[in-house]
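The values are calculated or read from the model by the stated rules, or taken from the named source; none is laboratory data. Source: prediction; values computed, not measured. Reconstructed Cβ throughout: ideal geometry from the backbone, glycine too, with neighbour counts over all protein chains shown. Remember, those area values only see protein heavy atoms, side chains included, never the ligands or the DNA or RNA. Shrake-Rupley method; radii C 1.70, N 1.55, O 1.52, S 1.80 Å.
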Amino acid sequence: MKRILLVYIIMCIPTLKMWAGLKDGEACDDLLQYTPYAALFTLKACGVDSRDAWGRLAVTAAASFAVSAGTTYALKNTVREWRPDNSDRRSFPSGHVTIAFAGATMLHREYGSVSPWITVGGYAVATATAASRLMHDRHHWYDVAAGAAIGVLGTELTFYLGDRLFPKKHPGSTATVVFTGTGLNVAVAF
């Protein structure tokens with residue numbers, strides 16, 4: 001438990017310190033949105049037990065990112081809402097918030113059973129990203145709300161489909177196939 005907390009603090013403090021110290025909020029937001037995904041892989045690399053093995057974790061994270069970001073950018077190019085600062089027509093929904101909440105939901109699904117503080121930290125960083133986008137007049141409140149919903153729902157959909165398409169094997173079951181000189185032997189144990 002102490003190792004998990006230490007790794008998470010190491011990941012979050014420099015990012016939050018940078019966010020607090022920058023004058024240009026967008027440069028910070030560009031990095032802050034990826035912090036939950038970075039924490040996801042850092043915790044796994046440091047040996048913290050997660051829901052899935054490396055391969056499935058990587059595929060699920062990539063699918064979560066693709067579904068969430070794809071939905072967001074399709075909507076941005078369809079809706080064409082003006083930003084509050086009138087800089088362009090790509091306000092709805094917030095892509096930064098979508099990515100941050102997708103990563104936070106990945107953290108929750110992979111490590112939430114290990115420690116609730118991992119979930120709290122992930123969603124705190126995602127919420128800070130949303131607040132920053134509002135503070136710097138880059139989005140309306142409904143842009144960040146929609147981005148958060150897309151990030152959470154896209155990741156939940158990814159886990160749902162992954163579990164249906166690739167169910168986990170029962171931990172006690174094994175199957176063995178042995179070729180011998182006299183033929184084929186198959187053994188299944190539960």
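What residue, among those in the stretch 141-162 that are modelled with pLDDT of 95 or more, open to solvent by less than 50 Å² (accessible area, probe 1.4 Å) and of a type outside the set (A, V, I, L, M), is farthest from A61 (Cα to Cα)?
Among them, the one singled out is D143.
Would you please list the contacts, defined by Cβ atoms under 6 Å and residues six or more apart or on different chains, that run from a residue in the stretch 130-143 that is over 16 Å from F101 (Cβ atoms) to a residue that is open to solvent by 50 Å² or more (accessible area, probe 1.4 Å) and outside any helix (DSSP H, G or I)?
As it stands, the answer is D137/D85, since those pairs meet every condition given.
Scan the stretch 109-119 for residues that are within 21 Å of G154 (Cβ to Cβ) and without any contact (Cβ under 8 Å) to a residue 40 or more places away in the chain and jot them down.
G112, T119
May I ask you to say which residue of L43, L31, L57 is of a type in the set (A, V, I, L, M, F, W, C), part of a helix (DSSP H, G or I), under 22 Å from I118 (Cβ atoms) and at pLDDT below 90?
Criteria check complete, one pass: L31.
Kindly indicate the residue of the stretch 113-129 that is open to solvent by 20 Å² or more (accessible area, probe 1.4 Å) and not β-branched (V, I, T) and also farthest from A145 (Cα to Cα) among those meeting that condition.
Of everything passing the filter in the stretch 113-129, S113 is farthest from A145 (Cα to Cα).
State whether one or more residues within the stretch 93-108 are in a helix (DSSP H, G or I), modelled with pLDDT of 95 or more and open to solvent by 60 Å² or more (accessible area, probe 1.4 Å).
Yes, that holds for at least one residue.
Being touching a Pro at 6+ places or on another chain (Cβ under 9 Å), open to solvent by less than 40 Å² (accessible area, probe 1.4 Å) and of a type outside the set (D, E, K, R), is that true of even one residue in the stretch 30-51?
The answer is no; no qualifying residue exists.
Every residue in the stretch 130-140 that is surrounded by fewer than 19 Cβ atoms within 10 Å (Cβ to Cβ) and in a helix (DSSP H, G or I), please.
A131, L134, M135, listed by residue number.
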